[in-house]
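Trainee: A single structure is presented below for examination.
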């Protein structure tokens, strides 16, 4: 009986998966010229019966019955390529796509069919073309990936000019930002005004807001997956750029007679160098100070043989703020203050093609983020006081990802990852010769995080497609063990030729927390692990929507609604401060751990997003609108009542457009609008009596402040327009681009923060009023770029 | 300013230097009405009521550093069938009077205040249980020009009840027979547990006594059973840093209906030596 059941199952299984006389077409897809691997290229047969997409390394595999096919390779920003193939056995084919604007060769034919939103299974996902990132006007002309992502529906920015991301009600800690497989913990320069990703060195950027594939895990709200360019395999080339606040350069070229390639890119600001003469002059040479940041990317790859390729890539970036002051007799005394933070990542990857249907990538990954503060007071050669404070996180990861193109109906991915985290919430060395004290204290946590996943992109019928998966995540720290299954489902049903309905569900767990003060967004925010006391965060998100592609004009429309619940999110307790390392507990001064300072609660976020995109033609761009609500509930905050999250934003609109006037000029503009941030406002002061027995008659009391309910007050709405014009000129040795741009075109005074001040800034006794600090008026900028041929 | 805060001060300066400031004039500010703020305390050791009654000041508008005292309200406390009305004393700007009520451990007492505009304030609280089997041991020894007092205070927590305590130490110097104000004060609060563990707290006090000076010191130990509301309030005060820009907004604990503040009852014992 048992044998009959097993045989029946095998028959059903083989008939489900099996296809008679099938052949497999596989290979890699590169850019013509540079031989950069192209990600997510759509490969399909004319008629659309069979299709697949290339993976993160440009590998594709398509299984189909033997026969003669016109196979189309299609990618946004590139000319389509169609190749007629007679397939009677497994066949390997490498495709080279020509970037748009380049002349077509005789073997390439322009087709009408284009990538359609209604064809994609995955929802809540946006691929951002690097070309568009380079054309959208930016603050000081600094092209910024994260600020472009902020222009998409469902993604909100924090404050004026900042690159923090708040995706579908989640905090900035809930975004998994990956650069070449390595997690980047603090993706910001200059307190958030610039992101640390140099757009010139990137090959692809993908944002996922919901319906997460099972291969991703560890964060609740979004995944931003970025890949660096591989470097030009044909010839050595480069690019230099000079902007208002920074300069940058790229060098790339072939290695080992074209078997490999490399790319190096770097950027540094020069605000400090520009300001230094003024600081020295203003202080008679007694003070010096400044701020700068730099970042450096490097990547190399080597093709061992047709089935093996290795990559080595890394990122290193740092911000530094410093101030030195001399004083006293003959200026023998001085204070030195340094404040720096930075990320470093390193990734080694080995791509191996096991067969025409199976591809495996093995990665060794290193990632670290650290913050350091140093203050020193010296007299002659003697140190009177020295403080060194540090915090950070360091990861080592090993992972393997398999792509198994089983047949035309099943594209399976599976793999695992193991990460060793070392958290250092605080490391303090303090030497004080005034009271002869010395503190040398370091707090460390070691943790192991693992993930095991499998997902299947399956075509149930010609109309119904799905992405089904499950991830088993675990976390082990200091005697606490957490294991959680995370089911993931995404379904797409074709209602008509260019119209589909989509539905997705995802459970996510996050085992690390970011301690962040709600009043400020600083690099001092601390990454800490889930512990026995502070449980992991988790979320469940359900989303549904429709995608429609129009032929004339060639635009796509997506409308999505989502509902997300979050549990065990953390916040500072009322009255707590991230600088509080000691507090009176039951009358005694005790060391306060971060666990004492935080409380856990729940959140809910829901809303609707509309995105209209035009990807092709002279005019490209998008319009996004989000209507959303985000609420948090903590037992010990706001008397247990629910309150709006600081970045709850009822309405968020962004309009982005680029118009190619001719081959030389591109005009771009964008406009954004967002409901004001929700803040807590003090409304009155009152007397707080100390309850001492013998001193009460002496009137011992302090001032207390009464606030609105938590985040019950709205700042003014935010809106801004930017404009840019790029002018290209082909020179004998390269292409020169000059860009003129203006940030905040109509000089809107947008709120950065509010504070209680006096009506007259020169009369401290005048009426108390609410004052607003705005950062940027209209900021025109110019940048010069030269790309060598 | 703590030296660790220096870099953050730089950041704030940076933002201010780069910022342009405006008065927010077209945003509707919250409606703010002044509220009555009550701090009413009964202390069993001296059998006295002490109540401050003031008005809160709105943040926006005229800048005020003091608070208006409400001196013509009717303040009364009721318990076990009796009511005491507490009179306002001009010299100390408070309602202050000796109690005629019988305060019994665990019994409920109610505060009623009728404000001059007819507004009503109400609060209630149970009289906390007095600490049991109290023992105060003082050792003293001289070192150079100072006398060191080592005070060990111990008492029994009551099993089965979650009690809260406040332990205060006062030093009052007498120069040539002239009493000074309180020159040293330390307070601790403690929460008991259901198991009824015995508490034991130690405190060291220092009294300087240079040769030739005519200085003496009065020392007081006050041990009180307090309510949970007062325990939370005192814990809040210990953490409270309104001037620190990096602290989270805090709602002040209050058990007053119709206003702000605290109604607290303390079951205290005083030891003087």
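Trainee: When residues of the stretch B:68-85 are filtered for being in a strand (DSSP E or B) and within 14 Å of another protein chain (Cβ to nearest Cβ), how many remain?
Mentor: Number satisfying all stated conditions: 1.
Trainee: Considering only the stretch B:49-62, state which residues are within 7 Å of another protein chain (Cβ to nearest Cβ) and either assigned to a strand (DSSP E or B) or over 23 Å from residue A:766 (Cα atoms) (or both).
Mentor: Selection gives B:50, B:52, B:54, B:57, B:58, B:61.
Trainee: For residue B:65, only one of the following conditions fails: (1) part of a strand (DSSP E or B); (2) facing chain A (nearest Cβ under 9 Å); (3) at pLDDT 75 or above. What is its number?
Mentor: Residue B:65 satisfies every listed condition except (1).
Trainee: Given the criterion away from every other protein chain (no Cβ under 14 Å), in contact (Cβ under 8 Å) with a residue 40 or more places away in the chain and not in a loop (DSSP other than H, G, I, E, B), identify the matching residue among A:735, A:730. Before you say what the answer is, go through the steps one by one.
Mentor: Working: A:730 fails: in contact (Cβ under 8 Å) with a residue 40 or more places away in the chain.
The match here is A:735.
Trainee: In the stretch A:326-335, how many are in a strand (DSSP E or B) and away from chain B (no Cβ under 11 Å)?
Mentor: 4
Trainee: Hey, residue A:570 hits all of (1) within 14 Å of chain B (Cβ to nearest Cβ); (2) at pLDDT 85 or above; (3) more than 30 Å from residue A:392 (Cβ to Cβ) but one; which does it fall short on?
Mentor: Tallying (1) within 14 Å of chain B (Cβ to nearest Cβ); (2) at pLDDT 85 or above; (3) more than 30 Å from residue A:392 (Cβ to Cβ), residue A:570 fails exactly one: (3).
Trainee: Now, a different point. State which residue is modelled with the lowest pLDDT when the search covers only the stretch B:210-233 and only residues that are surrounded by 16 or more Cβ atoms within 10 Å (Cβ to Cβ) and more than 30 Å from residue A:639 (Cα to Cα).
Mentor: If we take residues in the stretch B:210-233 being surrounded by 16 or more Cβ atoms within 10 Å (Cβ to Cβ) and more than 30 Å from residue A:639 (Cα to Cα), then B:217 is modelled with the lowest pLDDT.
Trainee: Collect the residues in the stretch A:242-281 that are out of contact with any strand residue (DSSP E or B) (no Cβ under 6 Å at 6 or more places or on another chain) and part of a strand (DSSP E or B), keeping them in residue-number order.
Mentor: A:247, A:253
Trainee: Testing residue A:638 on (1) buried (at least 19 other Cβ atoms within 10 Å of the Cβ); (2) within 11 Å of another protein chain (Cβ to nearest Cβ); (3) touching a strand residue (DSSP E or B) at 6+ places or on another chain (Cβ under 8 Å), one condition comes back false. Which one is that?
Mentor: (3)
Trainee: Of all the residues that make up the stretch A:280-289, how many are within 14 Å of chain B (Cβ to nearest Cβ), in contact with a helix residue (DSSP H, G or I) (Cβ under 9 Å, 6 or more places away or on another chain) and surrounded by fewer than 17 Cβ atoms within 10 Å (Cβ to Cβ)?
Mentor: Qualifying residue count, the stretch A:280-289: 1.
Trainee: Only one of A:500, A:504, A:462, A:473 is in contact with a helix residue (DSSP H, G or I) (Cβ under 8 Å, 6 or more places away or on another chain) and either touching a residue at least 60 places away in the same chain (Cβ under 8 Å) or surrounded by fewer than 17 Cβ atoms within 10 Å (Cβ to Cβ) (or both). Can you tell me which?
Mentor: A:500
Trainee: Just to verify a result, which residue in the stretch B:30-48, among those that are without any contact (Cβ under 8 Å) to a residue 60 or more places away in the chain and assigned to a loop (DSSP other than H, G, I, E, B), is nearest to residue B:223 (Cα to Cα)?
Mentor: B:47
Trainee: Follow-up question, since we're still on this one. If we keep just the residues of the stretch B:49-67 that are in contact (Cβ under 8 Å) with a residue 24 or more places away in the chain and under 22 Å from the mean Cα position of the chain (by Cα), which is surrounded by the most Cβ atoms within 10 Å (Cβ to Cβ)?
Mentor: This residue is B:53.
Trainee: Is there any pair with a first residue in the stretch B:197-219 that is farther than 24 Å from residue B:167 by Cβ and a second that is surrounded by fewer than 11 Cβ atoms within 10 Å (Cβ to Cβ) and at pLDDT below 70 whose Cβ atoms are under 9 Å apart and which are 6 or more apart or on different chains, and what are they?
Mentor: Within 9 Å, the pairs are B:213/B:176; B:214/B:176; B:214/B:177; B:215/B:176.
Trainee: Find the strands (runs of 3 or more DSSP E) located wholly in the stretch A:115-182 whose residues include 2 or more that are at pLDDT below 85 and surrounded by fewer than 23 Cβ atoms within 10 Å (Cβ to Cβ), and list them.
Mentor: Output list reads A:125-128.
Listed here are the residues, each with its yes/no results for (1) surrounded by fewer than 16 Cβ atoms within 10 Å (Cβ to Cβ); (2) modelled with pLDDT of 90 or more.
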site: A:663; (1), (2): yes, no
site: A:666; (1), (2): no, yes
site: A:674; (1), (2): no, yes
site: A:691; (1), (2): no, no
site: A:695; (1), (2): yes, no
site: A:700; (1), (2): yes, no
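Trainee: What number of residues in the stretch A:713-723 are over 24 Å from the mean Cα position of the chain (by Cα) and either buried (at least 21 other Cβ atoms within 10 Å of the Cβ) or within 8 Å of chain B (Cβ to nearest Cβ) (or both)?
Mentor: The total comes to 4.
Trainee: If you don't mind, another one. Surrounded by 21 or more Cβ atoms within 10 Å (Cβ to Cβ) and assigned to a helix (DSSP H, G or I): does that describe residue A:230?
Mentor: Taking the combined requirement at face value, the residue does not satisfy it.
Trainee: Separate question: Of the residues in the stretch A:188-227, how many are assigned to a loop (DSSP other than H, G, I, E, B) and surrounded by fewer than 24 Cβ atoms within 10 Å (Cβ to Cβ)?
Mentor: 5
The values are calculated or read from the model by the stated rules, or taken from the named source; none is laboratory data. Not measured: the values here are computed from a predicted model. So basically every Cβ, Gly included, is an ideal-geometry build from the backbone, and we count neighbours across all protein chains shown.
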